[in-house]
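The values are calculated or read from the model by the stated rules, or taken from the named source; none is laboratory data. The structure displayed is predicted, hence computed values, not measured ones. Positions of Cβ are backbone-derived with ideal geometry, glycine not excepted, and every protein chain shown enters the neighbour counts. Accessible surface is based on the protein model in full, side chains and every heavy atom, while ligands, DNA and RNA are left aside. Shrake-Rupley method; radii C 1.70, N 1.55, O 1.52, S 1.80 Å.
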Amino acid sequence: MMMLRKLTIQERKTGRTLIGNLDLTVNKGDKLAIIGEEGNGKSTLLQVMRGKEFVPDYIEVSGEVSSQASVMGYLKQQVNENDSVRVMDLFQEVDWNETLLKAMKEFGIDNLYSEQLFNTLSGGEKVRYQLLAMLAVEPDLILLDEPTNDIDIEAIEWLERFVKDTMIPVIYVSHDEVFIQKTATAILHVELAGRKDIPLHTLDKEGYESYRKRRQERIEKEEHQIKSQNRDMAEREAALRQVWQKAEHQHQHVNRADPRLQKKVANLKNQRTRLEKEKSSIKGFTAYEKESYFSFSYAEPIIAGKKLATINVPILKNDSGVLSSGIELKILTGQKIVITGKNGCGKSTLLKEIYNQLPKAKIGYMPQNYQEVLPMDQSASEFLVRTGEAEEKTAIYTMLGNVNFTREEMLAPMSGLSGGQQAKILLLSMIHSQAEVLVLDEPTRNLSPITNPQLYQELSEFKGTIVSVSHDRKYIESLGGTCYLLTDEGLKIRD
């Protein structure tokens, strides 16, 4: 259904290669998951697969892309809809096929021709309608960019069943480990190693869990070899240094003209040159992308279980009307809370209300829309600065480096960064300000499945308080704590 040959994707401005010489064949029934860190070109690769007319102007593409698909379905990661776009505008053509009708029933949607403005829908409702619009044209190849973002657990489970059961080939970018584990028949891991200037890709058809395990084993084996080689190199250098010092002493104080000594000195120089070459090759031996690293260990142990706040929301409403009522939530120090619920039930609205009612001392807030708190015209380094002291700036550059930012990305306006990179900046701002209360709306939604496990662990071990909204099943399981379900009758503890 699709074939890539020697595909190379480069940034025009920087000349940086994101993907180099990729060969890929996608057949009927294949479910290919594309994974990798933020900013590595995953979404761009999907655009290249769609066709030349969809490739961004700042991207240079070479190689061959061919497809036998007559109709290609595409779900974009972020929808920049016009204010006048209505739901019905997504359904100019509708093939009332069995798959579409079944999806409508399971989504609880019985009308595709609503005049409701698309931008008034919740994030999850937008994704549902986009999925239906894709199914309405009956595609023979499907491309999905972060399809589980913003949809509730029930919709995610429907999507898992659909992707798993359909014979239509599906190529998707996702951060959701459970979704990948349940659906992918092949993994394409795109990486930027070194200083994000060494493009790598690995195509694996053994399944996600198997790939992660074997990748980690390879990395550990290579690191062990490097340490062993470095020890051996240090011993050889020390031995050569002793012999060299002795020969140098003889050369200066005994007899410079002795041909045997001159031959010995020349031989030692050759040995030193060979060692330097071997040493330089060891430094570049391991080529893989380091996962991002976050540390919330700054928080001091606290007396858990003390009352932090009691949140009261008699009526929860937004522009669409009343969403829920009679909400009362008692939050204790050290507590980990996750709020779930169906799309459009008001979870993000409630989280914002919780944030507004919490004591503002040492609190970090990640909304679903990062632009609410991130000044997009500033760079990451400018945003994170508190004191402006040289020591602080060094610490900021180190933190950004630990989450795989290049120097250019540290200094670029945040408007040009990916959603995942913006999420990382928000998390780092909480770490840098040493926030004791974290209010997080879908904190893992834009991050790589390579990075998320480390973040899960850090947040589960965080000594402070976390109140979050999430549909990430791994996150909910790892965080522990109390899980609530938001309904039109208030909050209920979820089993």
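Here D377 meets each of (1) out of contact with any Lys or Arg (no Cβ under 8 Å at 6 or more places or on another chain); (2) acidic (D, E); (3) not in a loop (DSSP other than H, G, I, E, B) with one exception, condition (3).
When you check S348 against the structure, is it touching a residue at least 12 places away in the same chain (Cβ under 8 Å), farther than 18 Å from T465 by Cβ and touching a Ser or Thr at 6+ places or on another chain (Cβ under 8 Å), yes or no? For S348, the condition - touching a residue at least 12 places away in the same chain (Cβ under 8 Å), farther than 18 Å from T465 by Cβ and touching a Ser or Thr at 6+ places or on another chain (Cβ under 8 Å) - is met. Filtering A234, A193, A136, A155 for residues that are open to solvent by less than 10 Å² (accessible area, probe 1.4 Å) and within 30 Å of T273 (Cβ to Cβ) leaves a single hit, A193. Residues that are surrounded by fewer than 21 Cβ atoms within 10 Å (Cβ to Cβ) and not in a strand (DSSP E or B) were ranked within the stretch 16-38; the one that is nearest to the chain's Cα centre (by Cα) is R16. If we keep just the residues of the stretch 446-482 that are open to solvent by 10 Å² or more (accessible area, probe 1.4 Å) and hydroxyl-bearing (S, T, Y), which is farthest from L188 (Cα to Cα)? This residue is T482.
Checking each residue of the stretch 54-66 against the condition of being farther than 27 Å from D197 by Cα and not small (G, A, S) gives no match. Against the numbered list (1) modelled with pLDDT of 95 or more; (2) open to solvent by less than 30 Å² (accessible area, probe 1.4 Å), G346 comes up short only at (1).
Anything in the stretch 196-209 that is over 15 Å from G15 (Cβ atoms) and either open to solvent by 70 Å² or more (accessible area, probe 1.4 Å) or not hydroxyl-bearing (S, T, Y) (or both)? List them, or say none. Of everything in the stretch 196-209, those that are over 15 Å from G15 (Cβ atoms) and either open to solvent by 70 Å² or more (accessible area, probe 1.4 Å) or not hydroxyl-bearing (S, T, Y) (or both) turn out to be L200, H201, L203, D204, K205, E206, G207, E209.
Here S62 clears all of (1) open to solvent by 50 Å² or more (accessible area, probe 1.4 Å); (2) in contact (Cβ under 8 Å) with a residue 24 or more places away in the chain; (3) part of a loop (DSSP other than H, G, I, E, B); (4) polar (S, T, N, Q) except the condition numbered (3).
The single condition among (1) at pLDDT below 95; (2) part of a strand (DSSP E or B); (3) surrounded by 15 or more Cβ atoms within 10 Å (Cβ to Cβ); (4) not aliphatic (A, V, I, L, M) that T8 does not meet is (1). The set of residues in the stretch 39-51 that are assigned to a loop (DSSP other than H, G, I, E, B) and either touching a Gly at 6+ places or on another chain (Cβ under 9 Å) or without any contact (Cβ under 8 Å) to a residue 40 or more places away in the chain (or both) comprises G39, G51.
Among the residues of the stretch 386-421, those identified as among the β-branched types (V, I, T), loosely packed, with under 15 Cβ neighbours inside 10 Å and more than 29 Å from L308 (Cβ to Cβ) are T394, T398. Within the stretch 405-424, one or more residues are out of contact with any Gly (no Cβ under 9 Å at 6 or more places or on another chain), among the hydrophobic types (A, V, I, L, M, F, W, C) and closer than 24 Å to R473 by Cα.
The listed residues are L426, L447, L455, and the only one of them that is within 30 Å of K182 (Cβ to Cβ), among the aliphatic types (A, V, I, L, M), assigned to a loop (DSSP other than H, G, I, E, B) and touching a residue at least 40 places away in the same chain (Cβ under 8 Å) turns out to be L447. Within the stretch 388-407, the set of residues being farther than 25 Å from P449 by Cβ and not basic (K, R) comprises G388, E389, A390, E391, E392, T394, A395, I396, Y397. The set of residues from the stretch 350-359 being surrounded by 21 or more Cβ atoms within 10 Å (Cβ to Cβ) and more than 26 Å from Q457 (Cβ to Cβ) comprises just one member, L350. Take G305 and tell me if it is touching a Gly at 6+ places or on another chain (Cβ under 8 Å), in contact (Cβ under 8 Å) with a residue 12 or more places away in the chain, surrounded by fewer than 19 Cβ atoms within 10 Å (Cβ to Cβ) and not hydrophobic (A, V, I, L, M, F, W, C). Spelling it out, G305 is indeed touching a Gly at 6+ places or on another chain (Cβ under 8 Å), in contact (Cβ under 8 Å) with a residue 12 or more places away in the chain, surrounded by fewer than 19 Cβ atoms within 10 Å (Cβ to Cβ) and not hydrophobic (A, V, I, L, M, F, W, C).
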